[in-house]
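The values are calculated or read from the model by the stated rules, or taken from the named source; none is laboratory data. These numbers come from a predicted model, not from an experiment. Note: ideal-geometry Cβ built from the backbone for every residue, glycine included; neighbour counts use all protein chains shown. Side chains included, ligands, DNA and RNA excluded: accessible areas come from the protein's heavy atoms. Shrake-Rupley method; radii C 1.70, N 1.55, O 1.52, S 1.80 Å.
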Amino acid sequence: VIECQRAGLKKTSFEYASMLMRPEYRPQIAEAYKKKIESIVRKPTKQEDDEPVTPCPYCAMKSPCSTLDCPQCKNNVPYCIATGLRMVANDWTHCPSCHFPALFSKFRALIDSEGSCPMCEEQIQ
């Protein structure tokens, strides 16, 4: 639910949050996320924007940024450790510690706010 919100998939986030608020699942939700999930259910965004498209880093064919395979060249596209979205050739970087790929702009924002890599949890300056 939280990752859908971060990725801008508001309608999908609402659907999952609604399911988690059912009585059989509600006790399993961590207290840290309960208020956020409840607020998503109370104030839903019924309309979801079209998913943005990005070019494949191998063949440049545009497809939705959440797909991790290219329909044209059939390559598996690496995902960004900061967003979970597919990598783009002109915004590419990697964690200096674990060397997992990340979108530079998103990774920089994440490091500025949290200070550590989401994959290896190493502090990054």
If each DSSP helix of 4+ residues adds -39,500 (n - 2.57) and the sum is divided by the residues in the chain, what number results at 222 nm, nearest 500 deg cm²/dmol?
-9500 deg cm²/dmol
Where 99, 94 fall by accessible area, highest first, once all protein chains stay in place (1.4 Å)
99, 94
Which loop chymotrypsin sites (Phe, Trp or Tyr not before Pro) in the range 1-73, with loop taken from DSSP, have no more than 11 other Cβ atoms within 10 angstrom of their Cβ?
25
Farthest toward the dipole's positive end in the chain, which of 103, 82, 16, given Cβ charges of +1 (Lys, Arg) and -1 (Asp, Glu) about the Cα centre?
16
Unit charges on C-beta of K, R, D, E only; dipole of the range 69-115, Debye
140 debye
Any idea what the dipole of the chain comes to, in debye rounded to 20, about its Cα centre with Lys/Arg Cβ at +1 and Asp/Glu Cβ at -1?
420 debye
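Sort out the exposed loop GluC sites (Glu not before Pro) in the chain (DSSP loop, at most 12 other Cβ within 10 Å) and tell me the longest stretch that has none.
The answer is 25-120.
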Net charge of Cβ neighbours under 10 Å - reference residue 98; Lys, Arg +1; Asp, Glu -1
-2
Tilt, helix 104-114 to longest principal axis of the chain (alpha-carbon atoms), in degrees rounded to tens, equals 50 degrees
Quick one: Cα centre-to-centre distance for the range 22-80 and the range 102-125, in angstrom?
19 Å
Could you pull out the trypsin sites (Lys or Arg not before Pro) across the range 7-80 that fall in loop regions by DSSP (anything but H, G, I, E, B) with no more than 14 other Cβ atoms inside 10 Å?
46, 74
May I ask for the angle, rounded to the nearest 10°, between helix 10-20 and the longest principal axis of the chain, with both axes built from Cα atoms and the value confined to 0 to 90°?
50 degrees
Three-way shape call for the range 1-88 based on the alpha-carbon gyration tensor, with the a/c threshold at 1.5
prolate
Determine the share of the chain's accessible area contributed by carbon and sulfur atoms, expressed in whole percent, with a 1.4 angstrom probe.
51 percent
1.4 Å probe accessible area per residue over the chain, in Å²:
66 Å²
